[in-house]
1. Specify the longest stretch of the chain that does not include any exposed loop site, a site being one of the trypsin sites (Lys or Arg not before Pro) with a non-H, G, I, E, B DSSP assignment and at most 14 other Cβ atoms within 10 Å.
2. Percent antiparallel among DSSP beta bridges with both residues in the chain, to the nearest 5?
3. Which ordering of Val48, Val105 is given by a fewest-first count of other beta-carbon atoms within 10 Å?
4. Could you list Asp114, Asp80, Asp74 so that the one with the fewest beta carbons within 10 Å of its beta carbon is first and the one with the most is last?
5. Between Asp114 and Glu3, what FRET efficiency comes out of the Förster formula 1/(1 + (r/R0)^6) with R0 = 35 Å and r the beta carbon distance, rounded to 0.05?
6. If you project the alpha carbons of the chain onto the principal axes, what extent comes out on each, in Å, largest first?
7. Output the relative contact order of the chain, whole-number percent, from Cα pairs under 8 angstrom with separation of 6+ residues.
8. Find how much the distance from Ile121 to Asn41 grows on full extension, using 0.36 nm per residue of separation minus their present alpha carbon separation; answer in nm with one decimal.
Amino acid sequence: MFEISEEMKALDIEIVFENLPYKDSNIVNFRDSIEWSKRYNAGILFDVPHAYISGSMEGYLEKIEKIDYVHVSDTWRGRDLHLPLGSGEIPWQKILNHLKRFEGVIIIENKRWDDVMKSFIFLEKFLP
């Protein structure tokens with residue numbers, strides 16, 4: 001894996017590791033993300049609903065400045081549904097307060113274009 005990450009870097013292709021929502025995954029919490037990032041010279045992608053489902057949100061929010069990319073969508077009852085922001089159970093006010101310090105890329109991860117637009121409108125209310 002390290003050799004692949006070095007080859008990708010030489011081609012100016014960035015590798016990032018995304019946290020997963022399942023307890024048996026290799027990358028569940030922020031500590032795992034940092035470890036994998038350092039080991040393979042890669043970036044960190046913080047998937048908000050994955051962290052919410054796995055209960056690992058706090059570690060990511062506290063270290064938001066170390067994260068490169070953020071996936072946002074909403075969820076319901078522990079299922080990774082990619083709902084529009086504000087239509088599920090994720091506490092967005094708290095998360096968006098932390099994201100105001102974030103300087104990376106926020107990716108709206110919904111399944112349908114109209115859901116992306118709903119999420120974008122939701123974000124506009126909170127982010128400058």
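Throughout, read-outs are computed from the coordinates displayed, never taken from laboratory work. Computed from a predicted model, the values in this text were never measured in an experiment. Cβ: placed from backbone, ideal geometry, glycine included. Neighbour counts: every protein chain shown.
1. Longest stretch, sites excluded: 24-76.
2. That works out to approximately 15 percent antiparallel.
3. Working: Val48 25, Val105 11.
Least crowded to most crowded, the residues run Val105, Val48.
4. Taking fewest neighbouring Cβ atoms as first place, the list is Asp114, Asp80, Asp74.
5. With R0 = 35 Å, the Cβ-Cβ based efficiency is 0.25.
6. Here the Cα extents, ordered largest to smallest, are 42, 30, 27 Å.
7. Across the chain, relative contact order equals 19 percent.
8. Numbers: separation 80, 0.36 × 80 = 28.80 nm, distance 3.50 nm.
Gain on extension, Ile121 to Asn41, equals 25.3 nm.
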